[in-house]
1. Could you work out how far helix A:33-45 tilts from the main Cα principal axis of chain A, as a 0 to 90 degree angle to the nearest 10?
2. In the structure displayed, which of A:K159/A:K210; A:K142/B:K165; A:K166/A:K239 lie more than 21 Å apart, Cα to Cα?
3. Report the per residue volume, in Å³, of the convex hull enclosing the C-alpha atoms of region B:120-171.
4. At a Cα cut-off below 13 Å, give the aspartates and glutamates reachable from B:K74, other chains included and same-chain residues fewer than 8 away excluded.
5. So which of A:K106/A:K302; A:K186/A:K222; B:K54/B:K155; A:K215/A:K305 end up more than 21 Å apart by C-alpha?
6. Can you give me the P(r) profile for region A:236-308? Cα pairs, bins 10 angstrom wide beginning at 0, each as a whole percent.
7. Estimate the FRET efficiency between B:N166 and A:F241 by the formula 1/(1 + (r/R0)^6), using the beta-carbon distance for r and 56 Å for R0, to the nearest 0.05.
8. Among A:Y66, B:Y48, which comes first, second and so on when ranked by fewest other beta-carbon atoms within 10 Å?
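Values in this text are rule-based calculations from the coordinates and carry no lab data. Since the structure is predicted, the reported quantities are computational estimates derived from the model, not experimental observations. Cβ placement follows ideal geometry from the backbone for every residue including glycine, while neighbour counts extend to all protein chains displayed.
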Amino acid sequence: MKQNNTHETLLARWIEGDLTPKEAEQLAEMEGLQDLRDALDVYDDMELPAYDLNKAWDRLAAKTIYAEKTIKTKHKSLFPTMMRIAAAIALIVGIGLGYSTYFRPKQFFTSAGQTAQVTLPDGSAVTLNAGSGLDYTLWQWKRNKVVHLTGEAFFKVTKGQKFTVKTPQGQTAVLGTQFDVLDRGKTFQVKCFEGKVWVTNQVTEKIITKGQGVKFSGQVAKDLDVTSHKPGWMAGESKFFENSLQEVFDEMQRQFTLEIQSDGVDMSRRFTGVFSNQNLEKALATVCGAMHLTYEIKNDQKLVKISSAK
Amino acid sequence: MKNTDFDNLCHDVAFRKVFMEYGESIRNFIYSKCGDMALAEDITQDTYVTLWQKCADTDPLTVKSFLYKIAGNKVIDHFRHQKVAMNYRTNKKSLVDHLTPQFQLEEQEYKAYLDGVLSSIPEASRTVFMMSRIEKLKYAEIADRLQVSVKAVEKRMHKALIIIKNQLGRKL
């Protein structure tokens, strides 16, 4: 095997899978190869306009088989030239836009007390809970249907579409389902309302189906029962199962746009229950009642102080 | 030399067959050089007219590479006479797929971007790249058509890939 100059053909052979083990190793170091592979996928999709061979043949036959003499003529009428100029201008504009729209992240954020609806390129619907963010680039979408999520969102995936939601603590992959993903603080939780979902927190994997959920707190995985058709927050309620008070009040802050201060309260205590997102007094009464706490609403419902009940 | 009527390219059946078989490839080959589809179709016609003129002396077994040679020369001739620098440009059609309309537009723009990247690749490398990726030809087949070594094809392909990779790297 010739050794000289094989590095000048390296990438050509790489895409054909024609590398020596040593070369494969070297290439593992090279940056940008995955992006190149993805760009090649797009090039592979590019088809040149169809060539009307029959029509072209008629034209050719007239000049060859059926012609007494072969006459070469070239006309360049003004109209096609104008069209080419217009195409060139459109291209210059297009190139500038094309890159940025493909790589610019599409970002959607909700602040406290807000929910938002996002439609993904395949028609899947995502509803963001308060204090959450969704982002993706069309590039990543085309590559492997990945979106990034922080916080919590309910996904209604168009049937037959594959989908991966990446969150700081894990990944959720689905096939035409409805599911809720929550990734806040140390909790990573997925609830499946329809279909089937594959979940991983990078250490453990689990497949859950309709009516099931899983909650990862650190390494511990807990099974959840999902009894409703949609997450509570989409129906104006926040549901908790053995969540810490910290998590409960964090969510309350998100839903009501306020600040909660606590004094001498053990925030790691567990709460299981539901509070209403529509009414702050009711919400506080529910949680504090169950946990033997008292509350004080101040500053026009912008500040709440929690302390232990005497 | 001439065998039977069937093999002789000066026969309308045989000549049409050669057109149907390679006409599109030749058009794409020319397009990879000039980026102008209408021009590419015109030059394809001229290429086959020349083949017809030489049909008596053409060995049917080598007609494929002969067509590429004629086409390549015609492109050079065209631009020499035009006194305009050859400038690869793009067509704007793209495939329809399952994306919703607003995203189709963005994908078109991305494809236009990638097509623009092609114009930064030197002609010989660009041609090989397009024959490989768009026409899906193997390097050995490309080498046969262009009458160069497989290694030469691989070198040109490698060059094209390096340029594309670097362009992507810069943007990201």
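1. 60 degrees
2. Working: A:K159/A:K210 15 Å; A:K142/B:K165 18 Å; A:K166/A:K239 23 Å.
In this structure, A:K166/A:K239 lie more than 21 Å apart at Cα.
3. On the way: hull volume 3.4 nm³, N = 52.
Value for region B:120-171: 65 Å³ per residue.
4. Of all the aspartates and glutamates, those that pass the test against B:K74 - Cα under 13 Å, at least 8 places apart if same chain - are B:E41, B:D42, B:D46.
5. Violating the 21 Å Cα-Cα cut-off are A:K106/A:K302; B:K54/B:K155; A:K215/A:K305.
6. Pairs per bin, as whole percents: 21, 63, 16, 0.
7. Details: r = 52 Å, r/R0 = 0.92.
That pair, B:N166 with A:F241, gives E of 0.60.
8. Listing A:Y66, B:Y48 from fewest to most nearby Cβ atoms yields A:Y66, B:Y48.
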